[in-house]
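Chemist: I have a structure I would like to understand better, so I am pasting it below and will then ask my questions one at a time.
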Amino acid sequence: MKSTYLIILLTFWQLTFAQSANFHLISKQIENGEPGMALKTLDSLKKESFSGNQLANFLHLRARAYSKLNNADLAYRDFLSARQKFREIDSIDKAMDITLQIVKLISLQEQNKNDYQKYLDEYLAYAKTSRDPRKILIGHVEQASVLIDYEEADKKEKPKAEKSLHHFWKAIWLNKTIKDDKLEAKINNNIAVLYSEVLQNYDSSLYYLDRDYEKLLRIGDQTGMIYNLINQAATYYALGNHQKAITLLHQAERSDSKEFEQKIKAIIYYNLYDNYEQIADHKNALKYLRLSNDVENQINESDQNIAISDMQTKYRAKEKELENLSLKNKLNTNKMFMMIFVGLLFVSLLIGVLGYKNIARKRRIAEQDRLIEKQKLEKTLKEQELHQIDLMLESQEKERQQIANEIHDNLGSILVTLKLNYQSLKRDNNNPESRQIFEKNDELIDEAYQKVRDISHLKNLGVIGTHGLIAAVNTMAEKMSVINKLKFNVFPFGFQNRLENSLEVTLFRIIQELSANIIKHAKATEASIYLTQHYSEGINIIIEDNGRGFDPEVLDDKPGIGLKNLQKKIEQLGGDFTIDSVPGNGTTIIINIPIHDNSSNSRGSSSADRRHPALP
């Protein structure tokens, strides 16, 4: 009897191991660009004997295969079924991973658009609860992508685009901790699409595409490089440089990538046709229009074959179901006993697993409670530290004003009186030599008085004066520039209206401190200050130089406000502070400070998707 039990138990584990090996093989087939072969392998499996977890994995693999074959409807159906199965067995992490895959699938098709925000909101709530930086980052990227509305390209105000940029900056900041090259490349690519297709800032688009291509080349992401080349070509198309666009598209055409091969070819051929048509090369335009149509026909034919195959699969499944019903009527007592034993064994294992999960869940809840208490303490300490920084900055500003007032009110009046006395003595003295001495002293008094006036005007420097932040930064840049040694450039955008005075003072002091750091430490020959006001929604400041750079993780304590205190001050304003620097390659500092927050839950699309695709 014991030997019978051992044989049954061994058979059960052999079946489980065999199914796991099959699933691993099928996953490799999908990743290696063989989704058709993966579907055939899945069709050969005996689904009737699957456990709940095995059935969920089966549906997930089939959805991935359909997605690779661009059959969005069948992929969507199986993703939903797999998601439900994982929820039923309490595998929430897997269910949420599939939720994100559903979001990506919907973003690439026209059907089910109304469900996009529902699934995205569900994933964002899960990501925040998990406190996992990677999940939160992915949520920001997806939220930024849904806000890319191509219809805003023709509008003066583009609130969705500005909100999308805000989420991308958050993602970039989070990736400083995660350091995922593939995620960074995807973010750069999608920012470039936003700048080109919606904001129509083609220089910024090419800047991010260049950074993206270098990263993709280093990590060997062939598919990402193809998307990048297509997007570069689309940007040059918009700039009217069709020959450059054609060169980039041919480079993409020669690349070797199995993922989405037919879809990518269709995009490349259509864009080649469009560019050749623009330069009146009708022969090549006709050639690539035919190739584009051929590939589109192949894709449509493939979709039809998959639909027919799916119907045949359902028919065979019905036949097998009838056969199984017939076989079940012929089962003998020993097989009935085996099934009962296996069922009891499975229930025992399930109870053990659920008990273990329950214990693990209680441990996670206790750990989360400890983390919440720790975060509350850290928040209190941070607020105290920020209050001290405010007091320090306020004290420095008052001290500047007191010194300037003292010089203007006291020393200035003394110099004026002294000048009047000298002029009186000069009128009473007719000695030529003495008159020369008086005139020389008179000039020195004038020079000293002018310097006193200049110093006293510091209390109204830039933002406190009548001309505002941009004029103050321009004046500062002009004074800090040294001919043939260091050139400061200022590039403002927006700022039709003045900001609140205290905010202008704070922003000017921050820019002044960072510019002084460039002079003292960077050994740069050129520095640029970009100031952008996004339709009263927020302020973006980028300060970059071509100096020697540094390691942001090793910040030495410096006199004055210091980079760390600047960062905390900006965080107090609700903004974020990003340092992008590598020793030997200059430094870029990005500051984002929101003014007020608007949100949008819709997502536009247009024919621009075909010319300039964002990475899924």
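Chemist: Once you place label points 7 Å from the Cα toward the Cβ at residue 335 and residue 376, how far apart are they in nm?
Modeler: 6.2
Chemist: In segment 190-300, what percent of the accessible surface is made up of carbon and sulfur (1.4 Å probe, ligands and nucleic acids excluded)?
Modeler: Details: 2230 of 5110 Å².
It is 44 percent, rounded to a whole number.
Chemist: Here's another thing I want to ask about it. Using the Kirkwood radius over C-alpha pairs as Rh, can you work out the diffusion coefficient of segment 48-137 via Stokes-Einstein at 20 °C, viscosity 1.002 mPa s, in µm² per second?
Modeler: Details: Rh = 13.4 Å.
Reported coefficient: 159 µm²/s.
Chemist: Checking the table 479/523; 104/176; 176/564; 104/265 against a 19 Å threshold on Cα-Cα, which pairs fail?
Modeler: Values: 479/523 17 Å; 104/176 24 Å; 176/564 16 Å; 104/265 21 Å.
Long pairs (Cα-Cα over 19 Å): 104/176; 104/265.
Chemist: How much solvent-accessible surface does residue 295 expose, in Å² to the nearest 10, with a 1.4 Å probe and all protein chains in place?
Modeler: The accessible area of residue 295 comes to roughly 10 Å².
Chemist: May I ask you to list the residues of segment 205-247 whose amide nitrogen lies under 13 Å from a point 7 Å from Cα along the Cα→beta-carbon direction of residue 284?
Modeler: 242-247
Chemist: Would you work out the charge dipole size for segment 28-144 about its Cα centre, treating the Cβ of every Lys and Arg as +1 and the Cβ of every Asp and Glu as -1, and quote it to the nearest 20 debye?
Modeler: On the way: 19 positive and 16 negative charges, 33 e Å.
The calculated dipole for segment 28-144 is roughly 160 debye.
Chemist: Rounding to the nearest 20 debye, state how big the charge dipole of segment 157-282 is about its Cα centre with +1 on each Lys and Arg Cβ and -1 on each Asp and Glu Cβ. Before the final figure, lay out each step's value.
Modeler: Numbers: 16 positive and 18 negative charges, 99 e Å.
Value, rounded to 20: 480 debye.
Chemist: Within segment 128-168, list the residues whose amide N lies under 15 Å from a label point set 7 Å along Cα→Cβ of residue 496.
Modeler: Counting only backbone N, you get 155-159.
Chemist: With the cut-off at 24 Å, tell me which of the pairs 128/376; 158/569; 46/335; 135/374; 68/179; 155/487 have Cα atoms farther apart than that. Display every interim value, and only then the final one.
Modeler: Working: 128/376 17 Å; 158/569 29 Å; 46/335 18 Å; 135/374 22 Å; 68/179 27 Å; 155/487 35 Å.
Among 128/376; 158/569; 46/335; 135/374; 68/179; 155/487, the Cα-Cα distance tops 24 Å for 158/569; 68/179; 155/487.
Chemist: Can you tell me the length gained on complete extension of the stretch residue 546 to residue 44, counting 0.36 nm per residue apart and subtracting the Cα distance? Please report the intermediate quantities before stating the final value.
Modeler: On the way: separation 502, 0.36 × 502 = 180.72 nm, distance 6.08 nm.
Here the segment from residue 546 to residue 44 would lengthen by 174.6 nm.
Chemist: Checking a compactness column here: for segment 144-298, what do you get for Rg(Cα) / (2.2 N^0.38 Å), N being the number of residues?
Modeler: Working: Rg = 16.3 Å, N = 155, 2.2 N^0.38 = 15.0 Å.
So segment 144-298 has a normalised radius of gyration of 1.09.
Chemist: Follow-up question, since we're still on this one. If you line up the Cα atoms of segment 470-577 on their principal axes, what length do they span on each, largest first, in Å?
Modeler: The Cα atoms of segment 470-577 stretch 35, 31, 19 Å along the principal axes, largest first.
Chemist: Label-point separation (nm) for residue 520 and residue 182, each offset 7 Å from Cα along Cα-to-Cβ?
Modeler: Roughly 4.3 nm, to one decimal.
Chemist: Give me the percent of the accessible area of segment 58-158 that comes from carbon and sulfur atoms, probe 1.4 Å, all protein chains in place.
Modeler: 47
Chemist: What is the dipole size for segment 117-165, taken about its Cα centre, with +1 at each Lys and Arg Cβ and -1 at each Asp and Glu Cβ, in debye to the nearest 20?
Modeler: Roughly 260 debye for segment 117-165.
Chemist: Provide the per-residue ³J(HN,Hα) series for segment 566-578, in order, calculated from phi with Karplus coefficients 6.51, -1.76, 1.60 and θ = phi - 60°, each as a whole number of Hz, with x at glycine and proline positions.
Modeler: 4, 4, 5, 5, 5, 4, 5, 7, x, x, 10, 10, 10
Chemist: Okay, next question. Using a simple spin-label model with points 7 Å from Cα along the Cα→Cβ vector, what separation in nm is obtained for residue 293 and residue 503?
Modeler: 5.6
Chemist: Okay, moving on. When the chain is fully extended, how far beyond the present Cα-Cα distance does residue 51 get from residue 97, taking 0.36 nm per residue of separation?
Modeler: On the way: separation 46, 0.36 × 46 = 16.56 nm, distance 2.05 nm.
Between residue 51 and residue 97, full extension yields an extra 14.5 nm.
Chemist: If you don't mind, there's one more thing I want to ask. Taking amide hydrogens as modeled 1.01 Å from N in the peptide plane, which residues meet the under 5 Å criterion relative to residue 526, leaving out close sequence neighbours?
Modeler: For residue 526, whose amide H was placed from the backbone, the distant partners under 5 Å are 487, 546.
Chemist: Sorted by accessible area (1.4 Å probe), largest first, how do 254, 509, 211 line up? Can you show the working numbers first?
Modeler: On the way: 254 175, 509 35, 211 70 Å².
I get 254, 211, 509, largest accessible area first.
Chemist: Counting other Cβ atoms within 10 Å, which GluC sites (Glu not before Pro) in segment 146-205 have at most 15 and lie in a DSSP loop? Walk me through the numbers before you get to the answer.
Modeler: On the way: sites: 151, 152, 157, 162, 184, 197; in loops: 157.
Listed in order of number, the matching sites are 157.
Chemist: Per residue of segment 240-253, what does 6.51 cos²θ - 1.76 cosθ + 1.60 with θ = phi - 60° give for ³J(HN,Hα)? Whole Hz please, x for Gly and Pro, Karplus curve as stated.
Modeler: My calculation for segment 240-253 gives x, 8, 6, 5, 5, 4, 5, 4, 5, 5, 5, 4, 5, 4 Hz in order.
Chemist: Taking the solvent-accessible surface of protein heavy atoms with a 1.4 Å probe, what is the per residue accessible area of segment 29-104 in Å²? List each step's numbers first, then the result.
Modeler: Working: 3250 Å² over 76 residues.
That works out to 43 Å² per residue.
Chemist: So what J values fall out for segment 94-102 if you push phi through Karplus, 6.51 cos²θ - 1.76 cosθ + 1.60 with θ = phi - 60°, rounded to Hz, Gly and Pro as x?
Modeler: Coupling constants for segment 94-102: 5, 4, 6, 4, 5, 4, 5, 5, 5 Hz.
Chemist: Counting only residues 5 or more places away or on other chains, whose amide H sits under 5 Å from the amide H of residue 481 once H atoms are built in the peptide plane?
Modeler: Under 5 Å from the amide H of residue 481 lie the amide H atoms of 488, each far enough along the sequence or on another chain.
Chemist: Estimate the FRET efficiency between residue 582 and residue 365 by the formula 1/(1 + (r/R0)^6), using the beta-carbon distance for r and 45 Å for R0, to the nearest 0.05. Please report the intermediate quantities before stating the final value.
Modeler: Values: r = 42 Å, r/R0 = 0.93.
According to the calculation, E is roughly 0.60.
Chemist: Report residue 97's accessible area, 1.4 Å probe, all protein chains in place, as a number in Å² to the nearest 10.
Modeler: Spelled out: residue 97, probe radius 1.4 Å, area about 80 Å².
The values are calculated or read from the model by the stated rules, or taken from the named source; none is laboratory data. The structure displayed is predicted, hence computed values, not measured ones. With ideal geometry, Cβ positions are generated from the backbone for all residues, glycine too; neighbour counts draw on all protein chains shown. Quick note on the areas: whole protein, heavy atoms, side chains included, nothing else; ligands and nucleic acids left out. Shrake-Rupley method; radii C 1.70, N 1.55, O 1.52, S 1.80 Å.
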